[in-house]
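Report on the following structure.
The values are calculated or read from the model by the stated rules, or taken from the named source; none is laboratory data. What you are looking at is a predicted structure, and each value in this text was computed from that prediction instead of being measured. Counting neighbours? That spans all protein chains shown, and the Cβs are built from the backbone with ideal geometry, glycine included. For the accessible areas, the whole protein counts, side chains as well, though only heavy atoms, and no ligand, DNA or RNA atoms are used. Shrake-Rupley method; radii C 1.70, N 1.55, O 1.52, S 1.80 Å.
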Amino acid sequence: MEHYTRLPLTGTLNTRDLGGIPTPSGPTPWQTFLRSDGLQNISIPDIQFLQNYGVTRIIDLRSAEELLQQPDPVTETIQYFNIPLMIGDVADATQNLSSHSFDLGDFYIGLLEERSSQLRLIFELLAENSGATLFHCAAGKDRTGVVAALLLELAEAAYPDIIADYQVTHTFLAADSRFQSVQTTIDPTLLRSDAQNMSRFLNHLAHHYGNAGTYFRQAGLSPEHLHLLQQKLNRKLTVKAVNE
């Protein structure tokens, strides 16, 4: 099947494959990890496309209140897990209306420091799935961006590539008419995906933990799960080691 950086779905403009990003052991694999905004508007053909693309598991990072308002579609062939990734009453940084003093970089660091148990569970699910896993929140920018950045850091992707994957989010959200009404009620800085936000997060990770692998070991992620993730993220390196 053809690979897509952004999947051609009608119900979302921000569903993206994390494949093809350069790492020391080759590009990240396609059809393994996908990031997205909310799936509540996807059509039956969209669901069929995801199934054909190899998606067998969805991890929803939204809160229980968000699920009630905009539930994901239910399918028999795709496993669904809900692991809310949030701090206090903040369901998503893009939905925090009192945002004048709100800093996205601080929000991302807060998730890293205060939600290590949830992040560990999310990465266990990412490691254990044999098919492609799609993870998403509401906008596919903040909570989803943190998970994507940690995955790519585990793969040893360069920081500019991790930041670029984050930055393009606003481009796709701005092109989606469903988000235009949101732009009139929220501080526009929260809808952007400026490089400085992700840069602050990655610098904090490097300064306090060295890398994502050390962070997850301290969070209790087992060596077996870390090994599974390395296999998924660095397939060329794994094949080379076996042949040797």
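General remarks:
- Contact map, the range 55-71: first residue free of Cβ contacts under 8 Å to residues at least 40 places away in the same chain, second residue open to solvent by less than 10 Å² (accessible area, probe 1.4 Å) and acidic (Asp, Glu), Cβ cut-off under 9 Å, separation 6 or more or different chains; pairs are SER63/ASP92; LEU67/ASP60.
- Qualifying positions in the range 215-231 - of a type in the set (S, T, N, Q) and surrounded by 13 or more Cβ atoms within 10 Å (Cβ to Cβ): SER222, GLN230, GLN231
- Top-ranked residue in the range 10-25 [being more than 19 Å from the chain's Cα centre (by Cα) and of a type in the set (Ser, Thr, Tyr); ranked as nearest to ARG178 (Cα to Cα)]: THR10
- Hits in the range 139-171 (condition: of a type in the set (Val, Ile, Thr) and within 15 Å of GLY105 (Cα to Cα)): THR144, VAL146, VAL147, ILE162, ILE163
- Neighbours by Cβ (under 6 Å, 6+ apart or cross-chain): first from the range 109-135, of a type in the set (Gly, Ala, Ser); second surrounded by fewer than 21 Cβ atoms within 10 Å (Cβ to Cβ) and part of a helix (DSSP H, G or I): SER116/ALA219; ALA127/HIS225; ALA127/LEU228
- Looking only at the range 26-62, residues that are open to solvent by less than 10 Å² (accessible area, probe 1.4 Å) and over 15 Å from the mean Cα position of the chain (by Cα) come to 3 in all.
- Looking across the range 144-156, just one residue is of a type in the set (D, E, K, R) and either in contact with a strand residue (DSSP E or B) (Cβ under 6 Å, 6 or more places away or on another chain) or not in a loop (DSSP other than H, G, I, E, B) (or both), and that is GLU153.
- LYS141, sole failed condition from (1) part of a helix (DSSP H, G or I); (2) of a type in the set (Lys, Arg); (3) open to solvent by less than 50 Å² (accessible area, probe 1.4 Å): (1)
- Yes/no for GLU2 being of a type outside the set (A, V, I, L, M), modelled with pLDDT under 95, surrounded by fewer than 16 Cβ atoms within 10 Å (Cβ to Cβ) and outside any loop (DSSP other than H, G, I, E, B): no
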